[in-house]
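A quick write-up on the structure given underneath.
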Amino acid sequence: HNLTILSEPTPKALSPEEKLEKIQKYLPKGIAEKILAQRDKIEGEQKHVAVMFCDMKGFTPLVEMIGSEEAYSIMDQVYEILIHKVRDYEGTVNEFTGDGIMALFGAPLALEDAPQRAIRSSLAIHREIAKFSDKMKKERQGLPSLKMRVGIHTGPVVVGTLGNDLRVEFKAVGDTVNLASRMEGLADPGTSYVSDETFRNTEGLFRFEALG
């Protein structure tokens, strides 16, 4: 190896905070400023929101199969898809959950049709991840199918503090966030599970299957 040639530095993995800062570039121009300008009004306000949890099925076996560096490179591309598909429906990515995201529809920006937007976002995520999975499998033989599990619940939350990265800290969450997380934990890979409350707000707009 020619020692006079500078080698490329190994890319440093971004922390969750750095990733959230990176999200800002996906926000339509002026939206972040508009939200932060209303911070005093938003903080302490009770909002009716749709909370969406989304994570990848089988991320740990994927790391074991192809190595952490390649797996995290794939995960970065998955994050890009998730962020874009949440933003397309005016949602906000509130945090990264290791192999997925938590997103809010209706906070900090109020939305009348938040549950409908959350479901449309989840369907768009499933479509895009399926396309991405097919592309990855062509590039690398033996790669398992990439599938997301999505859980959505709609309910009231009280907005606590709103950070400069638009991350929302909740004062009194109640069951809204916990139930959304539980729905995602129950979901089959490649599907979206929604709570009764979300179903009642969107009945007639989508085809649902009752799960008891």
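The values are calculated or read from the model by the stated rules, or taken from the named source; none is laboratory data. This structure is a prediction, so every number in the text was calculated from the model and none was measured. We place every Cβ from the backbone using ideal geometry, glycine too, and count neighbours over all the protein chains shown. Calculation scope for accessible area: heavy atoms of the full protein, side chains included, ligands and nucleic acids excluded. Shrake-Rupley method; radii C 1.70, N 1.55, O 1.52, S 1.80 Å.
Taking the dipole about the Cα centre of segment 63-183, with the C-beta of Lys and Arg at +1 and of Asp and Glu at -1, give me whichever of Tyr72, Ile129, Thr176 is farthest to the positive side.
Of Tyr72, Ile129, Thr176, it is Ile129.
Quick one: divide the alpha-carbon radius of gyration of segment 160-212 by 2.2 N^0.38 Å and tell me what you get. If you can, show how the numbers build up before the last one.
On the way: Rg = 14.3 Å, N = 53, 2.2 N^0.38 = 9.9 Å.
With N residues counted in segment 160-212, Rg over 2.2 N^0.38 Å equals 1.43.
Loop sites only, by DSSP: take the trypsin sites (Lys or Arg not before Pro) in the chain that have at most 10 other C-beta atoms within 10 Å and name the longest stretch containing none of them.
Numbers: sites that count: Lys12, Lys29, Arg207.
Result for the longest clean stretch: 30-206.
Computed from the mean reciprocal separation of all distinct C-alpha pairs, what Kirkwood hydrodynamic radius does the chain have, in Å? Present the calculation step by step, with values, prior to reporting the outcome.
Details: mean 1/r = 0.0549 Å⁻¹.
Final number for the Kirkwood radius of the chain is 18.2 Å.
If I build a Gaussian network model for the chain, linking alpha-carbon pairs within less than 10 angstrom, which residue out of Gly190, Gly160, Gly30 has the largest mean-square fluctuation?
It is Gly30.
Taking the Cα centre of the chain as the origin, how large is its charge dipole in debye, to the nearest 20, when only Lys and Arg (+1) and Asp and Glu (-1) carry charge on their Cβ atoms? Let's see the in-between values first.
Values: 27 positive and 32 negative charges, 99 e Å.
Around 480 debye, computed over the chain.
Straight-line reach from Lys57: which aspartates and glutamates have a Cα under 13 Å away, not including same-chain ones fewer than 8 places off?
Straight-distance partners of Lys57: Asp99, Glu184, Asp188.
Filter the cross-link list Lys85/Lys137; Lys41/Lys85; Lys34/Lys147; Lys47/Lys85 down to pairs whose alpha-carbon distance in this structure exceeds 24 Å.
Working: Lys85/Lys137 22 Å; Lys41/Lys85 27 Å; Lys34/Lys147 35 Å; Lys47/Lys85 22 Å.
Table pairs above 24 Å Cα-Cα are Lys41/Lys85; Lys34/Lys147.
Skip the ligands, DNA and RNA, and give the accessible area per residue of segment 42-161 with a 1.4 Å probe, whole Å². List each step's numbers first, then the result.
Numbers: 5020 Å² over 120 residues.
I get 42 Å² per residue for this part.
With a length cut of 24 Å (Cα positions projected on each helix's long axis) and a Kyte-Doolittle mean of at least -0.5, go through the chain and give me the DSSP H helices that pass.
Length and hydropathy pass: 68-87.
Rounded to the nearest 20 Debye, what is the dipole magnitude of segment 106-212 about its Cα centre when Lys and Arg each give +1 and Asp and Glu each give -1 at the C-beta?
Details: 15 positive and 14 negative charges, 117 e Å.
For segment 106-212, the charge dipole is close to 560 debye.
Which residue fluctuates most in the GNM of the chain (Cα springs below 10 Å): Ser122, Ser68, Ser133?
Ser68
Just the number, please: carbon plus sulfur as a percent of the accessible area of the chain, 1.4 Å probe, no ligands or DNA/RNA counted.
Details: 5910 of 11880 Å².
Looking at the chain in its full context, I get 50 percent from C and S.
Please report the accessible area of Glu128 (heavy atoms, 1.4 Å probe, ligands and nucleic acids excluded) in Å², nearest 10.
We get 60 Å² for Glu128.
Which of the listed residues, Leu162, Cys54, Pro144, is farthest toward the dipole's positive end in the chain, when Lys, Arg count +1 and Asp, Glu count -1 at the beta-carbon?
In the chain, that residue is Pro144.
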